[in-house]
1. When the chain is fully extended, how far beyond the present Cα-Cα distance does GLU57 get from THR29, taking 0.36 nm per residue of separation?
2. Considering only protein heavy atoms, with the full assembly of protein chains and a 1.4 angstrom probe, order LEU74, LEU148, LEU142 by accessible area, largest first.
3. Across region 131-145, in residue order, what do the Karplus-derived ³J(HN,Hα) couplings come to in whole Hz, using 6.51 cos²θ - 1.76 cosθ + 1.60 with θ = phi - 60° and x for Gly and Pro?
4. Give me the accessible area of LYS69, 1.4 Å probe, in Å² rounded to the nearest 10.
5. Separation between the THR160 and ARG115 pseudo-spin-labels, each 7 Å from Cα along Cα→Cβ, expressed in nm?
6. Could you tell me the relative contact order of the chain? Use alpha-carbon pairs under 8 Å, at least six residues apart, and round to a whole percent.
7. Restricting the count to DSSP beta bridges whose residues both fall in the chain, what percent are antiparallel, rounded to a multiple of 5?
8. Using modelled backbone amide H atoms (1.01 Å from N, in-plane), which distant-in-sequence or interchain residues come within less than 5 Å of LEU148's amide H?
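The values are calculated or read from the model by the stated rules, or taken from the named source; none is laboratory data. Values in this document were obtained by computation on a predicted structure and should not be read as measured data. Backbone-built Cβ (ideal geometry, glycine too); neighbour counts: all protein chains shown. For accessibility, only protein heavy atoms count, side chains too; no ligands or nucleic acids. Shrake-Rupley method; radii C 1.70, N 1.55, O 1.52, S 1.80 Å.
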Amino acid sequence: MRDPKRVAILISGRGSNMRALVEQANGYTVALIASNKLDAGGLEWARDHALQTWAMESKGTGKEEFDRKMNAALDEHQVGTIALAGFMRILSPWFIDPWRGRILNIHPSLLPKYRGLDTHAPAIDAGERVRGCSVHIVTEELDAGEILGQAEVVIERDDTPETLERRILGVEHQLYPKVLSEFVIR
Ligand code: GRF
């Protein structure tokens, strides 16, 4: 039986959500930081903070081959919950199936609205008044699993996709650790 309180955080880039999850860890242990990019900025921060890391370049590696190797690393560190934090890679059904219900993701929109990438500009263009972020369970369907928590951000008249993204990111950093803490004991 995997311990749900042992969390792996999966990143591909700067890892600001990873950092928030580490710094605000409450009721869970960050057992591993894993990345599909050898040069992900967040890896350096993780190493500087004495966290366990695993990284393998996914480009040029078969989808399932990568997932198998990452799965072995997760097992080695006795991980029970996976938190995707800017992990820019679709996981294979082979991976998702045994982890069903144990993988979380943070997405910068109020799901089910605006799934996928680069949605700030379309939301502004559509005249939306409110945006936000969602933490949800990962399934085979992109950004479509059970929603565990959401936080709203009001769109100001002079907002650009960049200013909005920055404000939502700040809210993500508060929402994700809170939802993860609640999730590991449920
Ligand atoms: C965040 O906007 C998150 O919502 C999305 O990817 C971005 C990751 O940023 N899934 P960071 O690497 O956590 O800074």
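1. Values: separation 28, 0.36 × 28 = 10.08 nm, distance 2.53 nm.
So the extension gain works out to 7.5 nm.
2. Working: LEU74 0, LEU148 45, LEU142 95 Å².
So, going from the largest accessible area down, we get LEU142, LEU148, LEU74.
3. For region 131-145, the Karplus-derived couplings read 10, x, 9, 9, 9, 9, 6, 8, 10, 5, 8, 4, 6, 10, x Hz, x marking Gly and Pro.
4. Roughly 90 Å² of LYS69 is accessible to a 1.4 Å probe.
5. 3.1
6. Working: 353 pairs, mean separation 42.7, N = 186.
After rounding, I find 23 percent.
7. Working: 11 of 27 bridges.
Counting DSSP beta bridges with both partners in the chain, the antiparallel share is about 40 percent.
8. Excluding prolines and chain starts, which carry no amide H, the hits are VAL135, HIS136, ILE137.
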